[in-house]
1. Among the candidates A:Met27, A:Met73, A:Met23, single out the residue that is among the aliphatic types (A, V, I, L, M) and on the phi > 0 side of the Ramachandran plot.
2. Can you pull out the residues in the range A:59-84 that are at the interface with chain B (Cβ under 7 Å from one of its Cβ atoms) and among the β-branched types (Val, Ile, Thr)?
3. Only one of these conditions is not met by B:Thr151: (1) more than 17 Å from B:Ala49 (Cα to Cα); (2) at pLDDT 95 or above; (3) β-branched (Val, Ile, Thr). Which number is it?
4. State whether the residues of the range B:93-103 include one that is surrounded by fewer than 19 Cβ atoms within 10 Å (Cβ to Cβ), in the same structural domain as B:Met124 (by TED's automatic domain parsing) and closer than 23 Å to B:Lys140 by Cβ.
5. Are there strands (runs of 3 or more DSSP E) fully within the range B:98-141 with at least 2 residues that are within 7 Å of another protein chain (Cβ to nearest Cβ)? List them.
6. Restricted to the range A:42-58, and to residues that are facing chain B (nearest Cβ under 9 Å) and free of Cβ contacts under 8 Å to residues at least 24 places away in the same chain, which residue is nearest to A:Thr85 (Cα to Cα)?
7. Looking for something without any contact (Cβ under 8 Å) to a residue 24 or more places away in the chain, part of a loop (DSSP other than H, G, I, E, B), assigned by TED's automatic domain parsing to the domain that holds B:Arg145 and surrounded by fewer than 17 Cβ atoms within 10 Å (Cβ to Cβ) - is there at least one such residue anywhere in the range B:50-65?
8. State the number of residues belonging to the range A:1-21 that are facing chain B (nearest Cβ under 10 Å) and surrounded by 12 or more Cβ atoms within 10 Å (Cβ to Cβ).
Amino acid sequence: MARKKIKMRITLKGTDANVKVLMFHPMETGLRKNKSTGEVIPAHFIKEVYVEHNGTRVLTALMGIAVSKNPFMSFKVLNANSGDTLAISWVDNLGETDSTEKQIQ
Amino acid sequence: MNNSRRIFLRGTLAGSLVTVAVGTGLLVPGKVLAAWPEAAFGAKNQKDALKALLGSASTVDSKQVKIKAPAIAENGAVVPITVSADFDNLESISLMALENAMPLVVSFKMTKGVNSSVSTRIKMGKTSEVVALARTADGKVYSTRASVKVTLGGCGG
C-alpha cells in the first residue's frame, strides 16, 4: 500500500497559508463497465477529507463520485505561522484511508 | 486470483490501515463514516439533494456566492471550479452540476480557520449549469450559478 500518496504544497503569505493538496485515488464512479467482460467496475471513491491545523479540524470535504480522479483541493488556512502542522487525511467508501502531515516552512 | 481472495486481502489491508490512521488521532471510527450524507449524494435532482443535505430546498440568489469555472470545459472529466462565499457565519459551501445523474458533487464544511474560498476539480457528464450553495449558521442558503459547456463528457465509458 505504499502506492497511495497525498501531495501537499503550502505557501505562507503573512499569516495565510495557501494549501494545494493532491490525493491519489481512482474515484471510480461505479457506473463504468469493463469493456471486455461487461462487468460493472465497482465504485471506489474518497468520501471524506479532513484538514487539521495544529490538531484542530479547519475544513472537511464530503465528496461524491463526481469529484475528478486524483482529487485536488486548494484552500487558504488562516492564522498560520511557520512551524505549524497541517494534516490531511481521507476515508473512502471501502474503508481505506490515507493521511499525511507537513510543517509550514 | 479469484474474487473472494481479492476481497479478503483488501479487507485485511483496509483494516490495518484504518487502525494506523485511528492511532494517529486523525480518524474517529463510527463517527466518521456516519457523517457522509448518502441520501444527498444519491439524489437525482437539485431539490432532493438540497433537502437531504441542508434540510430545505429554498435558496436565495446572492452575489456574495461566487463560482469561478471555465465557460467551456474541454475535458468533462476534469473541470476546475472555485467556489467562494463571503459570509460571516459560513457553515458550508456545496457544489452541484445540474445535468449530472446525481447533481451533488461535493460539500465543504467550513470553519473560521480557513478563508471562504475552495477550489477543486469535478466531473461533468455534459454541458450543464453548476450551482454553488452557501449555508450560514442561521440555516439560510444562498446560491449562484454558472453555465459550463462540456465538449467531452466526463463520466467515462
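The values are calculated or read from the model by the stated rules, or taken from the named source; none is laboratory data. Since this is a predicted model, take the numbers as computed values, not measurements. Every residue, glycine as well, gets a Cβ built from its backbone with ideal geometry; the counts of neighbours run over all protein chains shown.
1. Working: A:Met73 fails: on the phi > 0 side of the Ramachandran plot; A:Met23 fails: on the phi > 0 side of the Ramachandran plot.
Result of the check over A:Met27, A:Met73, A:Met23: A:Met27.
2. A:Thr60, A:Val67, A:Val77
3. Tallying (1) more than 17 Å from B:Ala49 (Cα to Cα); (2) at pLDDT 95 or above; (3) β-branched (Val, Ile, Thr), B:Thr151 fails exactly one: (2).
4. The first filter runs over the range B:93-103 and keeps only residues surrounded by fewer than 19 Cβ atoms within 10 Å (Cβ to Cβ), leaving B:98-99, B:101.
Pick out the ones that are also in the same structural domain as B:Met124 (by TED's automatic domain parsing) and you get B:98-99, B:101.
The next check asks that each one be closer than 23 Å to B:Lys140 by Cβ; those that pass are B:98.
Among the residues of the range B:93-103, at least one is surrounded by fewer than 19 Cβ atoms within 10 Å (Cβ to Cβ), in the same structural domain as B:Met124 (by TED's automatic domain parsing) and closer than 23 Å to B:Lys140 by Cβ, which makes the answer yes.
5. Details: elements: B:104-110, B:117-122, B:128-136.
Result: B:104-110, B:117-122.
6. Here the answer is A:Thr56.
7. yes
8. Let us first name the residues in the range A:1-21 that are facing chain B (nearest Cβ under 10 Å), namely A:1, A:4, A:16-21.
With the extra rule that they be surrounded by 12 or more Cβ atoms within 10 Å (Cβ to Cβ), the set shrinks to A:4, A:16-21.
Here the count works out to 7.
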